[in-house]
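Here's the structure we're looking at; comments come further down.
The values are calculated or read from the model by the stated rules, or taken from the named source; none is laboratory data. Quick caveat, the model's predicted, so the values are computed rather than measured. Here the Cβ positions follow ideal geometry from the backbone for every residue, glycine too, while neighbour counts run over all protein chains shown. Note: accessible area is taken over every heavy atom of the protein model, side chains too, but ligands, DNA and RNA are not part of it. Shrake-Rupley method; radii C 1.70, N 1.55, O 1.52, S 1.80 Å.
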Amino acid sequence: MTPAKFIKRQPPGRIIALGFALTILVGSLLLMLPCSIQDGVTVRYIDALYTSTSAVCVTGLIAIDAGDTFTPLGQFFLGSLIQVGGLGVTAIGAGIIIAIGRRVNLKGRDLIREAMNLDSGKGLVRFIKSIFITTIIFEFTGAALSFIVFRQDFPLVKAIGVSLFHSVAAFNNSGFDILGGGKNLIPYQKDVLLNMVTCGLIICGGIGFLVIREIWSTKFRWKKFSMHTKIVLTVTAGLLLSGTLLLKLTENISWMGAFFNSVSARTAGFSTYPLKEFTTPGLMVLIVLMFIGASPGSTGGGIKTSTFFALIQGIKRGATNHSEKAFHYAVPEGTFRKAAVITLLALTVVITGTYLMLVMDPYLDLRDALFEITSAFGTVGLSTGITPTLTDGSKLLSICIMYIGRLGPLTIASLWHFTSGERVSYPTGNIAIG
């Protein structure tokens, strides 16, 4: 069997997973090139692989500082990996096919539908085009506004590069920076323009391309929004508001700092305050926000806002015996079950990952390890500062967690499903619950 035939026989989820894995591998090799690394700096392959995984999975966790380690070419490679990871390997491939005038076949359409969490395959080519146009508009607008700030601290060419990189990283919900010194955005914690521009890019990248397109096509009219869009916007606003209030309550930071960290914890990973100085209650707020994450079809990770909403509705139904409904729509059957499975798998990944990290690095505190693993799973990139100190075993573990988080635990679990379903039925039994 030829490789092409073998790939054609694979389910969409498995092809997407292999595509991400191959991109990570190629990215690690590009980051290891001598032209990618600054003179006098040594990079071990495990750190290049970790950085490539973090970029493709749009996470932002770093074992080495990108600004102090990589040359402009290496930083370009890193930014490209973030862009590919944010848009998705499948979307990038489809975009190239469309650009050269080729047709997207049925297999390609299935891949796009799977990767973008779409219900049907109608209008996929138009949707892919809108994704690229949306991305270009947001990233260049963000870069132009960021340039106003960075031009004050860097020469012209450097300021342009930093602005473009920052905009790409922010819109794709990846907390990388190339400012150097490992300080992230802490030097700009009081800069209102950069804080608001970064928050805007993160939020827009995190609500998903479907929502962005619907908001634009309906001219911002709430009554014409679909149930999905209303849920995403409502849950996003609720999480941002509650996160801001709780962080302000527990931490000695400004209101802008509380809002920024509430936004960033939704899978972005930028920080304007050193998180190692946060209290345990503050870190718990961030852990919950990181675990929930962004929205389906977006550049972010986590269990997703719609999953969280479905869980709340299912619990409400179990407690009140009222039907699941929202915004004058009935919640589809089976939504709660799928949301519960995703959440249980996600909790299993986080708890198991935390346990294994503590076994391999017993010097770590439980809260730091839990925060690190949740950040990796949610593809966030926030850290209490332990990432560079991790052993190679913990780095490999974190690589696996980021990979699972980017693809989704349910997708990973379904990769090994080879049969089409059960052929034997059994009588229904009884289980006492609660």
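Values computed for the structure shown
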item	result
Given (1) β-branched (Val, Ile, Thr); (2) modelled with pLDDT of 95 or more; (3) more than 19 Å from Ala340 (Cα to Cα), number of the condition Val424 does not satisfy	(2)
Of residues in the range 124-149 being touching a Phe, Trp or Tyr at 6+ places or on another chain (Cβ under 9 Å) and of a type in the set (A, V, I, L, M, F, W, C), the one nearest to Ile212 (Cα to Cα)	Ile131
Residue under evaluation Ser242, criteria (1) modelled with pLDDT of 95 or more; (2) within 27 Å of Ile82 (Cα to Cα); (3) of a type in the set (Ser, Thr, Tyr), criterion not met	(2)
Residue among Ser242, Ser271 that alone is small (Gly, Ala, Ser), in a loop (DSSP other than H, G, I, E, B) and open to solvent by 10 Å² or more (accessible area, probe 1.4 Å)	Ser271
Residue count, the range 336-394 (criterion: among the acidic types (Asp, Glu) and open to solvent by less than 10 Å² (accessible area, probe 1.4 Å))	2
Hey, Leu286 open to solvent by less than 10 Å² (accessible area, probe 1.4 Å), assigned to a helix (DSSP H, G or I), more than 24 Å from Pro409 (Cα to Cα) and hydrophobic (A, V, I, L, M, F, W, C) or not	no
Pair list, Cβ < 6 Å and 6+ apart or interchain, from the range 116-140 residues that are closer than 20 Å to His228 by Cα and modelled with pLDDT of 75 or more to residues that are exposed (fewer than 11 other Cβ atoms within 10 Å of the Cβ) and of a type in the set (A, V, I, L, M, F, W, C)	none
Qualifying position, being at pLDDT below 90, in contact with a Cys (Cβ under 9 Å, 6 or more places away or on another chain) and assigned to a helix (DSSP H, G or I), among Phe6, Phe20	Phe20
Options Lys276, Lys316; residue that is touching a residue at least 40 places away in the same chain (Cβ under 8 Å), open to solvent by 10 Å² or more (accessible area, probe 1.4 Å) and out of contact with any helix residue (DSSP H, G or I) (no Cβ under 8 Å at 6 or more places or on another chain)	Lys276
Selection status of Leu78, closer than 24 Å to Gly206 by Cα, at pLDDT 90 or above and either in a helix (DSSP H, G or I) or of a type in the set (Asp, Glu) (or both)	yes
Among residues of the range 271-285, those that are closer than 17 Å to Ile186 by Cα and either among the hydroxyl-bearing types (Ser, Thr, Tyr) or in contact with a Gly (Cβ under 8 Å, 6 or more places away or on another chain) (or both), counted	6
First in the range 145-162 and in contact (Cβ under 8 Å) with a residue 40 or more places away in the chain, second anywhere and among the charged types (D, E, K, R) and in a loop (DSSP other than H, G, I, E, B), Cβ under 8 Å, 6 or more apart	Val149/Asp191
Checking Ser174 against (1) part of a helix (DSSP H, G or I); (2) open to solvent by less than 60 Å² (accessible area, probe 1.4 Å), the condition it does not meet	(1)
When residues of the range 177-198 are limited to those that are at pLDDT 95 or above and under 19 Å from Val58 (Cα atoms), the one most open to solvent (accessible area, probe 1.4 Å)	Val197
Residue list for the range 139-160, filter: under 16 Å from Ile82 (Cα atoms) and surrounded by fewer than 20 Cβ atoms within 10 Å (Cβ to Cβ)	Phe140
Matching residues in the range 297-326 - criterion: being at pLDDT below 85, of a type outside the set (Gly, Ala, Ser) and in a loop (DSSP other than H, G, I, E, B)	Thr299, Asn321, His322, Glu324
Residues of the range 167-200 satisfying the condition of being within 22 Å of Ser254 (Cα to Cα), without any contact (Cβ under 8 Å) to a residue 60 or more places away in the chain and among the hydroxyl-bearing types (Ser, Thr, Tyr)	none
